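A short write-up of the structure that comes next.
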Amino acid sequence: MSPPSPYLTRHTRPERPARRLVCFPHAGGAASFYRPWGQYVDPSVDLLAVQYPGRENRFREPLVPAMDPLVSAVAGELLTVPALPTVFFGHSMGAAVAYETLLRLEQAGAEHVTRLCVSGRSPDGSGGPAVRTDDEVVAAVRSLGGTNAAVFDDPDLRELLLPAISNDYRLIDDYRRRTDAPVLRAAVHALTGDRDPQVTPDEAAGWRAVTSGSFSLTVLRGDHFYLVSAAEEVARIAMEPARSLPV
């Protein structure tokens, strides 16, 4: 199977796909972040990662500066993919993009996305300034540990990486979840690290309010990027059957 669109990168090649996992990257992240998950999911899982414009194989494409046009593009592409029972997984900014994309798909009548996994973010985020300087962006990224800090010490790499990272920080800082949005029908599973400086377990549990389906919460050891060292466990959790757990 070939990649269905520039927005979707395929990390597995199942002969007879039975389920699909669609992963949404964090701010400044790219589809390759989820490549290792291909070795952790069942061979029947079609693993797709969303590729935002302006990075990796889409480096020369214009960045998308706001949530609504990004979600419209991603949702439109996903509606062209043959339907399978599907799980969405999004980390940090990706959690918000995954949520908004699923909301858009459900409003369009799609019912094949049965579970949303949201990681490293509360439903309403932490707010913040609408615009950040380059130095503020670098400081924020260093504090979270998601990108090797050494890349910012190289002027050429810094110049290459900063536009996409800064764009994403502005996008997510400007984003506000609609309080009057319809509740999801899909099950929701929230995940967070126990030492994440951006979201506490209690804040992550706030995702319960966005769905009429089941809700569960998993707290793992680690900081904002706890899922890097726990990739195998997180991939397994993402593909578990939905269930309700006390939080």
Exercise. Give the range of the longest stretch in the chain that excludes all GluC sites (Glu not before Pro) found in loop regions by DSSP and having at most 16 other beta-carbon atoms within 10 Å.
Key: 112-247
Practice problem: Work out, step by step, the length gained on full extension between ARG195 and ASP68: first 0.36 nm times the residue separation, then minus their alpha carbon distance; give nm to one decimal. | Solution: 42.6 nm
Quiz item: Share of antiparallel DSSP beta bridges in region 1-104, in percent to the nearest 5?
Solution: 30 percent
Quiz prompt | Solvent-accessible surface (1.4 angstrom probe) belonging to ASP202, in square angstrom, nearest 10 | solution = 130 Å²
Exercise. Out of all DSSP beta bridges with both ends in the chain, state the antiparallel percent to the nearest 5.
Key: 10 percent
Quiz item: For region 179-230, which whole-number percentage of the solvent-accessible area (1.4 Å probe, protein heavy atoms only) is attributable to carbon and sulfur atoms?
Solution: 49 percent
Practice problem: Compute the semi-axes of the equivalent ellipsoid of the chain, taking the square root of 5 times each eigenvalue of the Cα gyration tensor, and list them largest first in whole Å. | Solution: 25, 21, 18
Practice problem: Only loop residues by DSSP count here, and only those with at most 10 other Cβ atoms within 10 Å; note down the trypsin sites (Lys or Arg not before Pro) in region 1-110 that meet that. | Solution: ARG60
Quiz item: How high is the FRET efficiency between THR179 and LEU79 when r is their beta carbon distance and R₀ equals 22 Å, given to the nearest 0.05?
Solution: 0.25
Quiz item: Taking amide H positions as placed 1.01 Å from N in the peptide plane, with prolines and chain starts having none, which residues 5 or more places from LEU217, or on another chain, fall under 5 Å of its amide H?
Solution: ALA190, LEU245
Quiz prompt | Mean residue ellipticity (222 nm) of the chain, computed from DSSP H runs ≥ 4 via -39,500 (n - 2.57), nearest 500 | solution = -9000 deg cm²/dmol
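May I ask you to give the percent of accessible area on region 4-51 that is carbon plus sulfur, with a probe radius of 1.4 Å?
That share works out to 46 percent.
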Quiz item: Measuring with a 1.4 Å probe in the full set of protein chains, what accessible area per residue, in whole Å², belongs to the chain?
Solution: 45 Å²
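The values are calculated or read from the model by the stated rules, or taken from the named source; none is laboratory data. Note that the coordinates shown come from a computational prediction; the quantities given were computed from them, not determined experimentally. All Cβ positions, glycine included, derive from the backbone under ideal geometry; neighbour counts span all protein chains shown. Accessible surface areas use protein heavy atoms only, side chains included; no ligands, DNA or RNA. Shrake-Rupley method; radii C 1.70, N 1.55, O 1.52, S 1.80 Å.
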